[in-house]
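Below: the structure, in structure tokens.
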Amino acid sequence: MATVFIDGESGTTGLGIRERLGVMPRVTLKSLPHDRRRDPAARRDIMAEVDLIVLCLPDDAAKESAAMAASLGNAAPKVLDASTAHRVDPDWVYGFAEMTPGQAERIAKAKNVANPGCYPTGAIGLIRPLVDAGLIESDYPITINAVSGYSGGGKAMIQAHEETGGPAFELYGLGLEHKHVPETALYGGLTRRPIFVPSVGHYLKGMLVSIPLHLDTLPGKPSGADLRAVLEARYAGCDLVRVVPPRQDGKLEPQALNDTDRLELTVHANEKHRQAVLVARLDNLGKGASGAAVQNIALMLGLHGARS
């Protein structure tokens, strides 16, 4: 049996992780009484008792919790951080198991793993294979447009939509300083900072991430079929990431993968106009958060059935 403590288990991601781990037969969840969850001594004691801790905390609190775990020395548990705090830290392994060949093995061997953001999961899933294959140059001016259900915006956004109705659709992050951009650039293999335009719709969960491309501006002037072939080769044999053909009606809605841990990638191309749009679809609380976390936990703990 493996033992796990979720530090911050009452949030959206923490609850999702707890629900998934609760049905895994080889995992025992440890918790603190509500009145002791902010007690440093109690938290340190429980960290020393478990094999792995999951940090579902704001960034500053996650850094403090990770430092507390590290202070245990040989008794320190493995750490999976669901916050943004360590995603571009070179001492932490990035927890996108399908990102590159061998990444799942790196996660399995790691002491500290940073769970990816939801938007970057879709964007990196599309961009990284094409950069690696030389079909997108690392300094290409990438634009990423994305829409998510309101559950991805945290407690304040959830409350706004569920109590007051919220807007039907809203762009945000227009200061171009969204916290997901650094990891998207780093793990996407980009040297030029991408433009990222996120948005939220008045629905609970489900996400689309889209990247428009002018094919004649890419190295070798590839076709849409060339792009699709690279993605298919990268994710061949993956259970959770799949390249699927575009719909004939030219439409995609964001909620089709809700309550799954899958990521679907499509290439929509118009060869006449030499344009393409790459699209990733996922549940922002599944492969975009809790589902990815449990996949990483299974890899880190060597549990049978860890998938990539």
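Matching residues to (1) within 21 Å of the chain's Cα centre (by Cα); (2) among the hydrophobic types (A, V, I, L, M, F, W, C):
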| site | (1), (2) |
| --- | --- |
| Val113 | yes, yes |
| Pro116 | yes, no |
| Gly125 | yes, no |
| His161 | no, no |
| Thr184 | yes, no |
| Ser199 | yes, no |
| Leu215 | no, yes |
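Do we have Arg228 as over 21 Å from Ser148 (Cβ atoms) and assigned to a loop (DSSP other than H, G, I, E, B) here?
On the way: over 21 Å from Ser148 (Cβ atoms): yes; assigned to a loop (DSSP other than H, G, I, E, B): no.
No: the conditions fail for Arg228.
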Residue that is surrounded by the most Cβ atoms within 10 Å (Cβ to Cβ), among those in the stretch 1-27 that are among the polar types (S, T, N, Q) and at pLDDT below 95: Thr13
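Could you list, in sequence order, the residues of the stretch 1-30 that are part of a helix (DSSP H, G or I) and either out of contact with any strand residue (DSSP E or B) (no Cβ under 8 Å at 6 or more places or on another chain) or basic (Lys, Arg) (or both)?
Of the stretch 1-30, the ones part of a helix (DSSP H, G or I) are 12-21.
Of everything in the stretch 1-30, those that are part of a helix (DSSP H, G or I) and either out of contact with any strand residue (DSSP E or B) (no Cβ under 8 Å at 6 or more places or on another chain) or basic (Lys, Arg) (or both) turn out to be Thr12, Thr13, Leu15, Gly16, Arg18, Glu19, Arg20.
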Close pairs from the stretch 57-85: first under 21 Å from Arg106 (Cα atoms), partner charged (D, E, K, R) and open to solvent by 40 Å² or more (accessible area, probe 1.4 Å), Cβ under 6 Å, at least 6 apart: Pro77/Asp51; Lys78/Lys111; Ser83/Asp59; Thr84/Asp59; Thr84/Lys179; Ala85/Asp59; Ala85/Lys63
Leading residue by the ranking (most open to solvent (accessible area, probe 1.4 Å)) among those in the stretch 40-98 that are part of a helix (DSSP H, G or I) and closer than 17 Å to Ile297 by Cβ: Glu49
Hits in the stretch 144-187 - residues which are more than 19 Å from Ala85 (Cβ to Cβ) and touching a residue at least 60 places away in the same chain (Cβ under 8 Å): Ile144, Asn145, Ala146, Val147, Ser148, Gly149, Ser151, Ile158
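How many residues are under 17 Å from Ala82 (Cβ atoms) and either basic (Lys, Arg) or in contact with a strand residue (DSSP E or B) (Cβ under 7 Å, 6 or more places away or on another chain) (or both) when one looks only at the stretch 31-50?
Step one: list which residues in the stretch 31-50 are under 17 Å from Ala82 (Cβ atoms), which gives 31, 37, 43, 47, 50.
This time we only want the ones that are either basic (Lys, Arg) or in contact with a strand residue (DSSP E or B) (Cβ under 7 Å, 6 or more places away or on another chain) (or both), so: 37, 43, 47, 50.
The qualifying residues number 4.
In the stretch 222-246, what residues are without any contact (Cβ under 8 Å) to a residue 12 or more places away in the chain and open to solvent by 70 Å² or more (accessible area, probe 1.4 Å)? So that I can check it myself, show each step before the final result.
Kept after step one, since they are without any contact (Cβ under 8 Å) to a residue 12 or more places away in the chain, are these residues of the stretch 222-246: 229, 232, 236-237.
Within the stretch 222-246, Glu232, Ala236, Gly237 qualify.
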Subset tally (residues that are open to solvent by less than 50 Å² (accessible area, probe 1.4 Å) and either without any contact (Cβ under 8 Å) to a residue 12 or more places away in the chain or under 24 Å from the mean Cα position of the chain (by Cα) (or both)) for the stretch 28-38: 1
All positions within the stretch 203-220 that are farther than 22 Å from Arg262 by Cα and either open to solvent by 20 Å² or more (accessible area, probe 1.4 Å) or among the polar types (S, T, N, Q) (or both): Pro212, His214, Asp216, Thr217, Pro219, Gly220
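The values are calculated or read from the model by the stated rules, or taken from the named source; none is laboratory data. Owing to the predicted nature of the structure, the values given are computational and were not obtained by experimental measurement. When we count neighbours, we look across all protein chains shown, and the Cβ atoms used for this are built from the backbone with ideal geometry, even at glycine. Side chains included, ligands, DNA and RNA excluded: accessible areas come from the protein's heavy atoms. Shrake-Rupley method; radii C 1.70, N 1.55, O 1.52, S 1.80 Å.
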